[in-house]
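To start, the structure itself, in structure tokens.
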């Protein structure tokens, strides 16, 4: 972390920066006054309402021509008005005055899939609406705008005292949050949500508008939108056109409304112009979006536990599951179809955790954290900061106490809940029994209806032939390596081949028909039948131990760790007052700034910033589910028919930058120095997945689709010129 000594320049810079609309740049004289090591001012996920001052200076140093108010302004149009939370999990951006929305293909995948049929296979062929009437509604999807961000820390902490225990503090804080959210000033169609930052040391209120009428406008075929699929996931170089398009509809007053044929395209306060000038090494990039979750301020002992204890267990479990599943998928086309999505989902974080561990080791993150902690201890002792003297030893004690329960919890989660489908089914049945015990027949009937609906989806893509060997291998692994004090008696001294054969030969939960029979009848009859079922009896003991032994102990210890973490976060900011501390991500609106930049993953290897359509053709494998290429794209490539989107006879596809991103930033816009759209964020490089715990600008890179490739696919490949015509295309460099 870097000591900053430039506060006296803030006023000078704010005065010299004119609004983005006037296309004014900062003078080279002002810039030269504040030159720093650019490496040390990259990284961080910053609150857009709090950018004035140091963040503004840092963005200027990286090449930005924007002021903080160009990015976030409550009273005037700003970039934040074009940034949209997409269906609660991704980010999207408005790119036309008619509510046209751009996000990733993988973010819109469920909508594309839901509209696909054998006759109209939009996943395989793509989809393009040539007018408003052809756009497809998505009743279960929505998007959310952030209208205003207020600091409500003092209101949330009202009545909280230092002498209270943690549970009492949390109770008062929860009551205050509910009160502030209810009484905040907002319009009738708006909502108010309060979220903690800096591990609960500060609270922000977000006034939001959610639109429920969202219609599919365009999507490339999967062979473009998911090109490279699992093999290229988390990797560079990439060649993926990961985008899809939607449109927001509103009522006649431009307010949120449920789907109606009478609704009209939403008129945004701001939309992003699109740059046709491309990117080059060193260009400023700003990624604006809703990153999900990071843990940048974990102590060294916490990171070490994840890297050395928890991640290896997760990786080994999923590695075994993936190998077994893959062996069946390669031999059976039906199984390949059924398990394609599940396999990809399992492989996603398996690969991420491997890269995360490698990145932590390569960046020497744990050693660096211990060095910071040594300096922290030195200053605390020198200044006699009594309240902070035991924080690090408290961490050591608590992480030691939680290790075995955290590991056992991971084994339950990865084996009994996620990767063995039969055990996951028993978990839903277990919830049904618990619903009856706690809520009687009304609760039972409600959960039964939900479970039966869920089972229909599960069994549609279920293969006993695959699940049985996965069960045998993972349950044996669970028994061998999970802490013994949390193992059920049914997993001790057992022949797992015999156990597996017995369960899968006799359980009715291996088919939808059998499950429906088990769940038919009165609550008492159902529960008796369930407990007589061998799979359920085995799973029930696992789930009972989880709920009665594991989870209560884990949550109690974790509550103590979170209390120490909150105090530690406060201490870090006090002990190192000049250091840069951004709040960890928690799915709230954030800005991260950086530059287009290559990197060196290993000695003697350097990755350039940009990939081209040439690379797509080099990877092309006809008929392959990951690397097939549509014939029309091949024809366009052979003819070099790139229109206005090519660059020196080549078609740019993806580029990388130093922006600090994580899950939730999928679909986030990559914005240039003047506020124009230059790309679409969709992934990170493998070596940099550790940025959730330790951002390092030397190896952490986010991966973006070049916006010119998006336009090329829309225009030259799909022929959807109607969409191009409603965008604003600009040449800021020229």
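The values are calculated or read from the model by the stated rules, or taken from the named source; none is laboratory data. This structure is a prediction, so every number in the text was calculated from the model and none was measured. All Cβ positions, even for glycine, are placed from backbone atoms using ideal geometry, and neighbour counts span all protein chains on display.
Regarding residue 308, is this residue under 25 Å from the mean Cα position of the chain (by Cα) and free of Cβ contacts under 8 Å to residues at least 24 places away in the same chain? In short, yes. The residues on offer are 456, 446, 484, and the sole one that is surrounded by fewer than 19 Cβ atoms within 10 Å (Cβ to Cβ) and over 30 Å from residue 524 (Cβ atoms) is 484. Among the residues of the stretch 459-484, those that are in a helix (DSSP H, G or I), touching a helix residue (DSSP H, G or I) at 6+ places or on another chain (Cβ under 7 Å) and farther than 15 Å from residue 416 by Cα comprise 459, 464, 465, 466.
Go through (1) assigned to a helix (DSSP H, G or I); (2) out of contact with any helix residue (DSSP H, G or I) (no Cβ under 9 Å at 6 or more places or on another chain); (3) not assigned by TED's automatic domain parsing to the domain that holds residue 270 for residue 163 and report which single condition fails. Checking residue 163 against (1) assigned to a helix (DSSP H, G or I); (2) out of contact with any helix residue (DSSP H, G or I) (no Cβ under 9 Å at 6 or more places or on another chain); (3) not assigned by TED's automatic domain parsing to the domain that holds residue 270, the one that fails is (1). In the stretch 313-329, the condition of being crowded, with 18+ Cβ neighbours inside 10 Å and at positive phi is met by no residue.
Would you confirm, using the coordinates I've provided, whether residue 462 is assigned by TED's automatic domain parsing to the domain that holds residue 304, within 28 Å of the chain's Cα centre (by Cα), more than 20 Å from residue 547 (Cβ to Cβ) and crowded, with 19+ Cβ neighbours inside 10 Å? Steps first, please.
Values: assigned by TED's automatic domain parsing to the domain that holds residue 304: yes; within 28 Å of the chain's Cα centre (by Cα): yes; more than 20 Å from residue 547 (Cβ to Cβ): yes; crowded, with 19+ Cβ neighbours inside 10 Å: yes.
Taking the combined requirement at face value, the residue satisfies it.
Listed by position, the helices (runs of 4 or more DSSP H) inside the stretch 62-129 whose residues that are within 26 Å of residue 633 (Cα to Cα) and in contact with a helix residue (DSSP H, G or I) (Cβ under 7 Å, 6 or more places away or on another chain) number at least 1 are 105-114, 122-125. Looking at 75, 87, 142, 98, just one residue is under 23 Å from residue 592 (Cα atoms) and surrounded by fewer than 20 Cβ atoms within 10 Å (Cβ to Cβ), and that residue is 75.
Are any of the residues in the stretch 414-426 assigned by TED's automatic domain parsing to the domain that holds residue 348, without any contact (Cβ under 8 Å) to a residue 60 or more places away in the chain, surrounded by fewer than 20 Cβ atoms within 10 Å (Cβ to Cβ) and under 20 Å from residue 553 (Cα atoms)? Yes. A search for C-beta distances below 6 Å between a residue of the stretch 124-140 that is in contact (Cβ under 8 Å) with a residue 40 or more places away in the chain and any residue that is assigned to a helix (DSSP H, G or I), counting only pairs 6+ apart in sequence or on different chains, returns 130/722; 138/111.
Do we have any residue at all in the stretch 112-121 that's crowded, with 18+ Cβ neighbours inside 10 Å, touching a strand residue (DSSP E or B) at 6+ places or on another chain (Cβ under 9 Å), within 18 Å of residue 247 (Cα to Cα) and in contact (Cβ under 8 Å) with a residue 60 or more places away in the chain? Scanning the stretch 112-121 turns up at least one residue that is crowded, with 18+ Cβ neighbours inside 10 Å, touching a strand residue (DSSP E or B) at 6+ places or on another chain (Cβ under 9 Å), within 18 Å of residue 247 (Cα to Cα) and in contact (Cβ under 8 Å) with a residue 60 or more places away in the chain.
Quick grid of which residues meet (1) surrounded by fewer than 23 Cβ atoms within 10 Å (Cβ to Cβ); (2) part of a strand (DSSP E or B); (3) at pLDDT 95 or above:
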site: 660; (1), (2), (3): no, no, yes
site: 679; (1), (2), (3): no, yes, yes
site: 682; (1), (2), (3): no, yes, yes
site: 688; (1), (2), (3): no, no, no
site: 708; (1), (2), (3): no, no, yes
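So that you can scan it fast, the table gives a plain yes or no per residue for (1) at pLDDT 95 or above; (2) outside the structural domain of residue 418 (by TED's automatic domain parsing); (3) part of a helix (DSSP H, G or I):
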residue: 537; (1), (2), (3): yes, no, yes
residue: 558; (1), (2), (3): yes, no, yes
residue: 567; (1), (2), (3): yes, no, yes
residue: 592; (1), (2), (3): yes, yes, no
residue: 623; (1), (2), (3): no, yes, no
